[in-house]
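Just below is one structure, and these are the notes that go with it.
The values are calculated or read from the model by the stated rules, or taken from the named source; none is laboratory data. Worth saying up front: this structure is predicted, and the values here are computed from it rather than measured. Reconstructed Cβ throughout: ideal geometry from the backbone, glycine too, with neighbour counts over all protein chains shown. Side chains included, ligands, DNA and RNA excluded: accessible areas come from the protein's heavy atoms. Shrake-Rupley method; radii C 1.70, N 1.55, O 1.52, S 1.80 Å.
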Amino acid sequence: MIVCIFKYPSGESCLSPVATDTNGNFLATVPSAHACAQELAVRVQIYLKPSYATPSCRYQPDADGAFVLPEAIRMVEAPDCTRDTLGNDTERARHQPLRTEATLTVVPDKLFLLDYGYEDMNLLVWDDANQGWPCFIDSNDPPAMLLSFAPEIEVTDEGGASITFPNTAGLTAGDVVDLYVVGGSGTRNWDDESVGEGVWSALGTATVSQDGSVIEMDDVRGLPFLTWVGFKTR
């Protein structure tokens, strides 16, 4: 687990507790220099297991200035998905369809995979009926579909990654939906604006295809990073 403290006079600080107390709770002590912190973001990830979605949650202090994390953060593993073989031409787009027909299209040369490889990339369709909504989603205004990329990946160039959703919302051809992404570790949009850890941020729009089967991104630049992405109907 990584805990980052935001919005205090000297900047940002991250802590990484690696052990739990006797009740299984992770503990992190905020240094006294950061006692005036106004916001906290918590990222939970399982190292060496990139198939697990990485939730990031943001919290505000209570009336006493204490940060209380009210809900458990759920770790969910993304199932294996079919994908095009990598081969030697890493500049060619590859497709990774889910069983629900959602498809991630990537150009491997335009991704910063760090410690992972193309074969490690997976997608998870979030099942809110069984798992509830993640902490960054307002349950009173949820998306029609939410996907998580596992592991999180930086997109280094325009056109490096794009997502196509199945039209499970029953929309008609030409209907427009609003796209949202979740900020991760050092994420920035195509305008080079920072998207904070755990922030559910508007990205752009997508349109239902002429045959009504899928919902496709309108911005040809695609996704600026691979964390979580969802859409809301209008």
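Laid out as a table, the results:
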{"read-out": "Residues of the range 99-117 satisfying the condition of being of a type in the set (Val, Ile, Thr) and either surrounded by fewer than 21 Cβ atoms within 10 Å (Cβ to Cβ) or not in a strand (DSSP E or B) (or both)", "value": "Thr100, Thr103, Thr105, Val107"}
{"read-out": "Tally of residues being outside any strand (DSSP E or B), among the small types (Gly, Ala, Ser) and in contact (Cβ under 8 Å) with a residue 24 or more places away in the chain across the range 118-153", "value": "2"}
{"read-out": "Count - residues of the range 163-197 that are assigned to a strand (DSSP E or B) and touching a Gly at 6+ places or on another chain (Cβ under 6 Å)", "value": "2"}
{"read-out": "Every residue from the range 72-96 that is of a type outside the set (A, V, I, L, M), in a loop (DSSP other than H, G, I, E, B) and open to solvent by 60 Å² or more (accessible area, probe 1.4 Å)", "value": "Arg74, Asp80, Thr82, Arg83, Thr85, Asn88, Asp89, Glu91, Arg92"}
{"read-out": "Some residue of the range 165-180 being closer than 16 Å to Phe112 by Cα and touching a residue at least 24 places away in the same chain (Cβ under 8 Å)", "value": "no"}
